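To keep things clear, I will list the structure first and then write my remarks on it.
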Amino acid sequence: MIYFNKFNKIEIESRLDLIKEVIEKLSNCRESSKEEFLRDFKISDSAIRNLILGVEIVTDIGNHLLAEVFQINPKEYSEVIIHLGNTGIIDKKFAEENANMAKFRNLLVHEYIKVDLDKVYDYLQKAPEIFFKFAKCFIDFADKQ
């Protein structure tokens, strides 16, 4: 268990525990072939749910750290990720490469009728590593505080 000094450690720790579960579930979904993914709604629905949840967790923790440490309160999910890079909580290049994941989350949540399962499958292939790297960056940042 990780302990955060200046932050609401219980909230962050519970979210980090949850992101581990999300990564595991997404990794399981990723084991399916693309054909199976497209055919089996249980797999695709699980992937969509956990992709949304993963982005929510990243932005929740990011928002908390930005507000508590830097007094920054982004208005949009993508701004959270950009500010995480600008403040050094995560690598700036990593932030720029992944800021669009917030837009992808918005598409899954708000434009659900237009969801392209091929794009979901493609994002699924890299999402577990992305979420893992965010979690590691949060832990590393907290350890330095």
Percentage relative contact order, the chain, counting C-alpha pairs under 8 Å, at least six apart: 33 percent
Between residue 11 and residue 126, 0.36 nm times their residue separation minus their Cα-Cα distance comes to what? 38.8 nm
Go ahead and run the numbers for FRET between residue 118 and residue 20, Cβ-Cβ distance against an R0 of 30 Å, rounding to 0.05. 0.65
Which lysines have a Cα lying under 26 Å from the Cα of residue 133, excluding residues fewer than 8 positions away in the same chain? 6, 9, 20, 25, 34, 75, 92, 93, 103, 119, 144
If the chain between residue 144 and residue 110 were fully stretched, how many nm would it gain, using 0.36 nm times the residue separation less the Cα-Cα distance? 8.5 nm
Taking the Cα centre of the chain as origin, sum charge times position over the Cβ atoms of Lys and Arg (+1) and Asp and Glu (-1), and report the length of that vector in debye to the nearest 20. 160 debye
D for the range 9-144, whole µm²/s, Stokes-Einstein with Kirkwood Rh over alpha-carbon pairs at 10 °C and 1.306 mPa s: what number? 105 µm²/s
When the charge dipole of the range 9-144 is computed with +1 at the Cβ of Lys and Arg and -1 at the Cβ of Asp and Glu, the Cα pointing farthest to the positive end, of 86, 59, 117, is that of 86
What 222 nm value per residue comes from the helices of the chain, counting each DSSP H run with n ≥ 4 as -39,500 (n - 2.57) and dividing by all residues, nearest 500 deg cm²/dmol? -25000 deg cm²/dmol
Taking 58, 80, 115 and counting other beta carbon atoms within 10 angstrom, the fewest-first order is 115, 80, 58
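No value in this document is a laboratory result; all are computed from the given coordinates. As the structure is a prediction and not an experimental result, all values here were calculated from the model. With ideal geometry, Cβ positions are generated from the backbone for all residues, glycine too; neighbour counts draw on all protein chains shown.
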